[in-house]
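> There's a structure below that I have some questions on.
The values are calculated or read from the model by the stated rules, or taken from the named source; none is laboratory data. Because the structure is predicted, anything quoted here is derived from the model rather than measured. Cβ placement follows ideal geometry from the backbone for every residue including glycine, while neighbour counts extend to all protein chains displayed. Side chains included, ligands, DNA and RNA excluded: accessible areas come from the protein's heavy atoms. Shrake-Rupley method; radii C 1.70, N 1.55, O 1.52, S 1.80 Å.
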Amino acid sequence: MAEFSNIKALTFDVFGTVVDWRGTIIREGAEWGRAYGLDVDWAAFADAWRGRYDPAMARVRSGERPWTKLDVLHRENLVAVLEEFAITSLGEADIDHINRVWHRLDPWPDAVAGLARLKTRYMLATLSNGNVAIMVGMARHAGLPWDAILGAEVAGAYKPEPKAYLSAADMLGVEASECMMVAAHNYDLIASSKHGFRTAFVNRPLEFGPGKAETPMAGAGFDIITDDFGDLAARLGC
């Protein structure tokens with residue numbers, strides 16, 4: 001614990017680390033299927049939709065298109081995936097409802113209790129590529145006890161751009177070295193560590209479906225590697 005005594009804030013990746021985006025889309029997909037009369041492989045649908053996530057942000061990062069919040073990118077990607085799956089029967093309001101599933105993502109079983117423990121000692125903030133409306137909707141849906149909602153829209157930059165991380169530390173009033181980035185993704189932790197953040201890798205073996213787990217990169221030197229937020233809290237003295 002002494003090695004983390006200077007940590008004041010924990011910043012969290014959210015999609016996949018705190019909430020189960022794939023499982024939620026599959027579960028809601030079954031409801032959409034019944035409501036709209038759709039016979040769809042919802043796991044494949046979720047994977048196809050998520051597969052367009054990073055390429056869409058890459059166009060913004062590169063300057064190919066102006067700043068565009070993730071709600072808009074998600075909807076554009078959804079329309080493309082509906083075409084891919086030959087779904088043509090949905091109205092605009094139906095598409096809007098499906099797109100807002102990202103506001104209704106369910107937390108991993110350990111997330112809410114673990115965050116509550118961590119909050120007793122540290123400031124907790126989102127550091128997500130999601131826009132504020134998505135993060136607020138998710139927090140209200142899942143009971144996520146954030147102290148602050150930060151990330152792409154607030155910074156005007158998508159991770160792993162340096163501004164995404166450095167602006168978060170600045171807005172929390174702490175040094176980067178006083179922040180710990182918590183994520184289930186190697187790229188996020190490696191990028192944040194380049195700017196002075198401490199790092200905690202949380203294994204989420206089912207994020208991308210069975211047999212597709214992202215594991216900690218060998219030699220990355222993450223400060224903590226853990227399987228759940230309860231263990232993270234214990235290791236951080238909560």
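> Out of the DSSP beta bridges found with both residues in the chain, what percent are antiparallel (nearest 5)?
5 percent
> Can you grab the distance from the C-alpha centre of segment 78-99 to the C-alpha centre of segment 129-197, Å, no decimals?
Using only Cα atoms, the two centres lie 30 Å from each other.
> Select from segment 17-92 those GluC sites (Glu not before Pro) which occupy a DSSP coil region and have at most 12 other Cβ atoms within 10 Å, ordered by residue number.
Filter output for segment 17-92: 64.
> Separate question: Using a 1.4 Å probe, what is the accessible area per residue for the chain, in Å²?
42 Å²
> Sorted from largest down, what three extents in whole angstroms do the Cα atoms of segment 32-75 have along their principal axes?
Projected onto the principal axes, the Cα atoms of segment 32-75 cover 40, 17, 10 Å.
> Also: Once the Cα atoms of the chain are picked out, what are the Rg and Dmax in Å?
When restricted to the Cα atoms of the chain, Rg and Dmax are 17.8, 59 Å.
> Go through 69/194; 159/194; 69/212 and tell me which ones have a Cα-Cα distance over 20 Å in this structure.
The pairs that break the limit, which is 20 Å between Cα atoms, are 69/194; 69/212.
> Write down the radius of gyration of segment 21-131 and its Dmax, each obtained from C-alpha positions, in Å.
Cα radius of gyration and Dmax of segment 21-131 are 16.2, 50 Å respectively.
> Given 0.36 nm per residue, what is the gain on full extension from residue 206 to residue 83 after removing their alpha carbon distance, in nm?
41.6 nm
> Hey, could you get me the Stokes-Einstein D for segment 107-204, Kirkwood radius over alpha-carbon pairs, 25 °C and 0.890 mPa s, rounded to whole µm² s⁻¹?
D, rounded to a whole number, is 180 µm²/s.
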